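Take a look at the structure set out below.
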Amino acid sequence: MDDRRSELKKIIMDTKTLPTLPGVINRLNALSNDERSSVQEMARIVSTDQVLSARILRLANSPSYGFYRVSTISNAMILLGVNVVKSLALSSSIFEIMEKNSVGLWEHSLGTATAANIIAKKLSLPEVEEIATAGLLHDIGKVIISLKCAEQIREIRRMVQQDNMYISDAERKVLDTDHAEVGGWLAKSWYLPDKLSEPIACHHNVAASEDHRIKTSVVHLADVLVKASGFGHSGDHFVLPVQPLAWETLKMDEKLLGEIVLDLEDKLVEVKNFSIEMQGSNDAEA
Ligand SMILES: [Fe+2]
Ligand SMILES: [Fe+2]
């Protein structure tokens, strides 16, 4: 068991690139060719893709850029410059045609970022952009697992479908770790700040978070709300309830939650339209 886990950890620590959605790359490319577009506009597009965001944050936090700790996409882009971001986006597997699963997970990630943003604003929390970024990246471990463990992922999916297991439980059975821990390793190996890596690593176990429990609780709640809304596809076929500790940490009540859910429903319609647009440009590309 232990061998399998440390072997996987080594593979993950060595991972330098992950595939991203071509529609996002096309849009970014068009923006960067237009002199009137701003870093903020590009940052907005980058912030819709969990994989590209992870890659940009990784580079901005790498020792070659000094030891800044950058936790927002806009700051990372200002630090790196538009050209670096563009070449980073283009150097990724542009023509990779994502399988249906990836589109579902991308929508789930984008939905969770949207929900995390709404919750953080509603609670007047500081660092809203960081919280939304942590929401965007929370399931990045799933991307790397499906990329690096092709054989095991089939077994995990079979267990989820046929044995009605929760994806994290199936991952732990097959890999002796789960996507949250794997995402945490990845974030650490890319020198992302703890305020991002901790919510990623602890989004299914809020009690395990120590320094960033509020951010972790927001990401956990956002993940559950997006699953419950039926938006996107996280890989799970059922939704576990919100952990009481997250509820207490955020001092959440029914009324507040009702307002958040209403806002989220509205916003998810926009996110869905954006997703359809992005997939349309994927088709054009293919
Ligand atoms: Fe997850
Ligand atoms: Fe999730």
Problem set entry | Stretch in the chain that is longest and holds no GluC sites (Glu not before Pro) that DSSP places in a loop and that have at most 12 other beta carbons within 10 Å | 100-209
Exercise. So how do 73, 12 line up by other beta-carbon neighbours within 10 Å, fewest first?
Worked result: 12, 73
Seminar exercise, completed: Checked the range 215-270 against the a/c 1.5 cut and the a/b vs b/c comparison, axes a ≥ b ≥ c from its Cα gyration tensor; verdict oblate
Seminar exercise, completed: Quick shape check on the chain: root eigenvalues a ≥ b ≥ c of the Cα gyration tensor, a/c under 1.5 is rounded, otherwise prolate if a/b tops b/c, else oblate, and it reads rounded
Seminar exercise, completed: Reduced to Cα centres, the span from the range 38-55 to the range 133-174 in Å works out to 25
Exercise. Just 134, 246, 30 to compare: in a GNM of the chain, with alpha carbon springs under 10 Å, which one fluctuates most?
Worked result: 30
Exercise. Which one of 102, 234, 38 has the biggest mean-square fluctuation once the chain is modelled by GNM with Cα springs under 10 Å?
Worked result: 38
Seminar exercise, completed: Assertion target for 68, 191, ordered by fewest C-beta neighbours within 10 angstrom first, is 68, 191
Problem set entry | J(HN,Hα) series, the range 197-210, from Karplus relation 6.51 cos²θ - 1.76 cosθ + 1.60, nearest Hz, glycine and proline x | 5, 5, x, 5, 5, 10, 5, 9, 8, 4, 4, 6, 7, 10
Exercise. Is the range 170-220 rounded, prolate or oblate when judged by the Cα gyration tensor, a ≥ b ≥ c being the square roots of its eigenvalues, rounded requiring a/c under 1.5 and prolate requiring a/b larger than b/c?
Worked result: oblate
Exercise. Quick one: 189, 71, fewest Cβ neighbours within 10 Å first, how do they rank?
Worked result: 189, 71
Exercise. What relative contact order, as a whole-number percentage, does the range 100-280 give when Cα pairs under 8 Å and 6 or more residues apart are counted?
Worked result: 28
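Values in this text are rule-based calculations from the coordinates and carry no lab data. Since this is a predicted model, take the numbers as computed values, not measurements. Because the Cβ atoms are built from the backbone with ideal geometry, glycine has one as well, and the counts that use them run over all protein chains shown.
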